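Heads up: the structure comes next, in structure tokens.
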Amino acid sequence: MKIGVLALQGAVKEHLDMISSAGAEAVVIKTVDQCDEIDGIIIPGGESTTIGRLMKIYGFIDKLKEFSNQGKPIFGTCAGMILLAKEIVGQTENHLGLMDMKVARNAFGRQRESFEANLPIKGLESPLRAVFIRAPLIEKVSPEVEVLSEYNGKIVAAKQGHLLAASFHPELTDDFRLHSYFVNMVKQYSLVK
Ligand code: GLN
């Protein structure tokens with residue numbers, strides 16, 4: 001099973017290592033054609049407007065919509081989560097719009113630009129150490145979206161079928177359980193395809 005990490009901008013290497021730790025083959029994705037070789041993809045954190053603009057230029061917006069239509073899992077972390085959302089507060093351009101939720105960028109304010117927290121996550125047996133860096137949050141979800149985690153009453157992780165989103169950077173500790181969770185989603189897709 002091969003899982004790609006979109007490598008246009010942002011935190012790529014750590015995700016590759018986590019995918020390998022979780023027992024799947026990790027692939028650096030730089031061109032749309034490579035998407036045909038993989039079973040799932042991670043869109044990493046970074047700067048969402050930059051990643052979105054590059055996705056548009058290189059054809060990833062259309063390609064990843066098609067990827068999702070085939071039922072192939074996508075995991076968006078931080079900026080990647082923003083790009084997955086149907087609605088981004090104050091912004092309309094260059095995103096995938098696949099997950100039925102509304103997100104706000106840089107939502108934790110200046111004092112809390114980056115911080116860590118032990119987050120209980122549905123499906124994981126004990127809390128995950130989560131690193132938030134100028135993190136977005138999910139303001140609203142439709143009934144199709146399952147909330148997986150909240151921090152101080154705000155939604156910070158969610159799943160809609162084969163789509164997974166997290167406000168934080170799950171690749172920056174040595175705990176790869178959320179990557180294992182995603183690898184399992186990809187396994188399930190591979191079984192039904
Ligand atoms: N604040 C960034 C944005 O809005 C996301 C930060 C991150 O991915 N760590 O794009």
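The values are calculated or read from the model by the stated rules, or taken from the named source; none is laboratory data. Remember, predicted model here, so these are calculated numbers, not experimental data. Virtual Cβ from ideal backbone geometry, glycine too; neighbours counted across all protein chains shown. Please note that ligands, DNA and RNA were not included when accessible areas were found on the heavy atoms of the full protein model with its side chains. Shrake-Rupley method; radii C 1.70, N 1.55, O 1.52, S 1.80 Å.
Quick notes
- For the peptides 23-29, 87-93, the ranking by packing is 23-29, 87-93, with the highest mean count of neighbouring Cβ atoms within 10 Å listed first.
- Protection proxy ranking of 178-185, 165-172, by the mean of other Cβ atoms within 10 Å over each peptide's residues and highest first, is 165-172, 178-185.
- Accessible area of the stretch 1-107 belonging to carbon and sulfur atoms, whole % at 1.4 Å probe: 44 percent
- Most simply put, the chain has about 55% antiparallel DSSP beta bridges, counting only bridges with both residues inside it.
- Modelled spin-label separation between Asp17 and Arg129, with each label point placed 7 Å from Cα along the Cα-to-Cβ direction: 1.3 nm.
- Per residue accessible area in Å² of the stretch 69-193, where ligands, DNA and RNA are left out and the probe is 1.4 Å: 47 Å²
- Dipole moment magnitude, nearest 20 debye, the stretch 36-128 about Cα centre, only Lys, Arg, Asp, Glu C-beta charged: 340 debye
- Of the trypsin sites (Lys or Arg not before Pro) found in the stretch 64-151, those that fall in a DSSP loop while having at most 13 other beta-carbon atoms within 10 Å are Lys122.
- Normalised convex hull volume, the chain, alpha-carbon set, Å³ per residue: 105 Å³
- Sparse packing (at most 16 other Cβ atoms within 10 Å of the Cβ) combined with a DSSP loop state is found for the following trypsin sites (Lys or Arg not before Pro) in the stretch 2-38: Lys30.
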